[in-house]
Amino acid sequence: MDSLFGFVGNGYVMMAADASAARSIIVFKNDHDKILQLDEMKMMGASGTMADNEKFGEFIQKNMKLYSLNNDLNLSTSAAANFMRNELAVALRKGPFQTNLLLGGMDKVDATKEDSEYVPSLYWMDYLAAMTKVNFGSQGHCSNFLLAVFDREYPVNNPESLSEEAGIALVKKCIDVLHTRFLPSQPNFIVKILDKNGMRTIQL
């Protein structure tokens, strides 16, 4: 019953996830962070079985760090997404990870220039190793409500017009819809933003 959603704005990627850790009819805690920082310019949100979320997230994080140390180079967001998709596809034929993901990242337009502009991107993946690049996406049953909100509120033809303040307002609207329409109680949400300065948590 995880709720995870994210979108691309003007120079940033914003991601939000409920903070409930639950199994069956029991809620263990309401301060669980489901958005993992993979490196300085990438973050990953996970929805699904808690054990698989944690195991897969740490596996990706440590392998990306190992690649960076071996090659003195960080993976681009596109390369990281394809690496993650491949690992999901391999696991699908052995022992599937029951985890659905959103990957957000910031990449330089020209990696050779120190002062190059950054471009945000967001990738959607599921446990069957399907992957696509999106402007907005969600994972879990919350998609039944939030995709309608994004269809109505998100400026599809001009994502650059979505300022950080407008993005925060959109997140609040999504959370309000879930608190009104979604059956499970999810009192707390963790919201994070990734821009050219790195990742930080937003207090709503």
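Quick notes on this structure:
- For the stretch 23-85, a crude dipole built from +1 on the beta carbon of Lys and Arg and -1 on the beta carbon of Asp and Glu, taken about the Cα centre, is about 200 debye to the nearest 20.
- Working from label points 7 Å from Cα in the Cα-to-Cβ sense, the Asn188 to Arg93 distance is 4.2 nm.
- Cα-centre dipole for the stretch 89-204 with unit charges at Cβ (Lys and Arg positive, Asp and Glu negative), debye to 20: 560
- Eligible aspartates and glutamates near Lys133 by straight Cα distance, threshold 17 Å, same-chain separation 8 or greater: Asp107, Asp151, Glu160
- With an a/c value of 1.5 or above and a/b not larger than b/c for the gyration tensor axes a ≥ b ≥ c computed over the alpha-carbon atoms, the stretch 82-157 is described as oblate.
- Solvent exposure ordering (accessible area, 1.4 Å, most first) of Val109, Val177: Val109, Val177
- Equivalent ellipsoid semi-axes - Cα gyration tensor, the stretch 1-63, angstrom: 22, 16, 8
- Extending 7 Å from the Cα toward the beta-carbon at both Gln37 and Thr49 defines two label points whose distance is 3.0 nm.
- Charged-residue dipole, Cβ positions (Lys, Arg, Asp, Glu), the stretch 1-47 about Cα centre, Debye nearest 20: 140
- Heavy-atom accessible surface of the chain: percent carbon and sulfur, 1.4 Å: 50
- In the context of the full set of protein chains, the stretch 16-91 has a per residue accessible area of 52 Å² (1.4 Å probe).
- Between the beta carbons of Phe28 and Asn70, assuming R0 = 30 Å, the FRET efficiency works out to 0.20 to the nearest 0.05.
- GluC sites (Glu not before Pro) within the stretch 98-196: DSSP coil, no more than 16 neighbouring Cβ in 10 Å: Glu114, Glu117
- Given Lys55/Lys108; Lys42/Lys113; Lys29/Lys192, the pairs whose alpha carbons are separated by over 22 Å: Lys55/Lys108
- [x] 0.99; [y] 1.71; [z] 1.36, with the label sought being that of the calculated Cα Rg over 2.2 N^0.38 Å: [x]
The values are calculated or read from the model by the stated rules, or taken from the named source; none is laboratory data. Small disclaimer: the values here were computed from a predicted structure and weren't measured. Quick reminder, even Gly has a Cβ in these numbers, built from the backbone with ideal geometry, and neighbours come from all protein chains shown. To get the accessible areas, we keep the full protein, side chains included, count just its heavy atoms, and leave off ligands, DNA and RNA. Shrake-Rupley method; radii C 1.70, N 1.55, O 1.52, S 1.80 Å.
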